[in-house]
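Since the structure comes first, as structure tokens, the remarks are kept for the end.
The values are calculated or read from the model by the stated rules, or taken from the named source; none is laboratory data. Keep in mind that what you see is a predicted model, and the values were worked out from it rather than measured. Neighbour counts are summed over all protein chains in view; Cβ atoms, including those assigned to glycine, are modelled from backbone coordinates with ideal geometry. To get the accessible areas, we keep the full protein, side chains included, count just its heavy atoms, and leave off ligands, DNA and RNA. Shrake-Rupley method; radii C 1.70, N 1.55, O 1.52, S 1.80 Å.
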Amino acid sequence: MAQVLPLLLIKSLVVASGVSIPRPFSFYESGEAEAANLPPNVRHFRHREEHSLEDGSEFALHWDVDTDPESLLELDLEHQNGVKIVDCRSDRLAIQVPAELLKRLDRLRHVTASEFLHGCSHLAGRNLYH
């Protein structure tokens with residue numbers, strides 16, 4: 001399976017009220033990555049859920065992704081720990097991080113945030129993926 005990183009933004013538990021709750025990858029089923037020649041620490045994560053809604057409609061969400069969770073800075077999870085976007089433009093991203101996160105910076109390769117968290121005008125209505 002190819003590495004599919006933009007899907008990281010939908011890895012949340014969807015409840016019947018329509019609220020999406022961000023969850024760390026450790027919350028989900030994982031196993032060995034399926035693709036060959038992937039970087040170290042890449043694991044395969046998957047999630048399946050289905051809901052019957054009050055209006056009788058059905059909702060199903062299924063995803064699979066190969067990724068190294070330690071290479072991701074997921075702002076929807078980390079903002080409560082003091083991580084903040086200071087400046088975001090199409091060609092750069094400046095973030096404020098607490099001291100305890102500094103030890104992880106050398107491993108980070110991607111920053112993600114839902115449209116609800118970043119509010120950047122150049123990404124109006126879209127999620128952030130740097």
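Among (1) open to solvent by 30 Å² or more (accessible area, probe 1.4 Å); (2) free of Cβ contacts under 8 Å to residues at least 60 places away in the same chain, where does Asp64 come up short? Looking at each condition in turn, Asp64 falls short on (2).
Yes/no matrix, rows are residues, columns are (1) of a type outside the set (S, T, N, Q); (2) outside any strand (DSSP E or B); (3) modelled with pLDDT under 90; (4) under 18 Å from Pro24 (Cα atoms):
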| site | (1), (2), (3), (4) |
| --- | --- |
| Pro39 | yes, yes, yes, no |
| Glu49 | yes, no, yes, yes |
| Asp55 | yes, yes, no, no |
| Phe59 | yes, no, yes, no |
| Leu73 | yes, no, yes, yes |
| Asp76 | yes, yes, yes, yes |
| Cys88 | yes, no, yes, no |
| Leu93 | yes, no, yes, no |
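Filter region 28-51 for residues that are open to solvent by 80 Å² or more (accessible area, probe 1.4 Å) and among the polar types (S, T, N, Q) and give the result. Scanning region 28-51 gives Asn37, Asn41. The number of residues in region 81-111 that are out of contact with any Ser or Thr (no Cβ under 7 Å at 6 or more places or on another chain) and closer than 24 Å to Pro39 by Cβ comes to 11.
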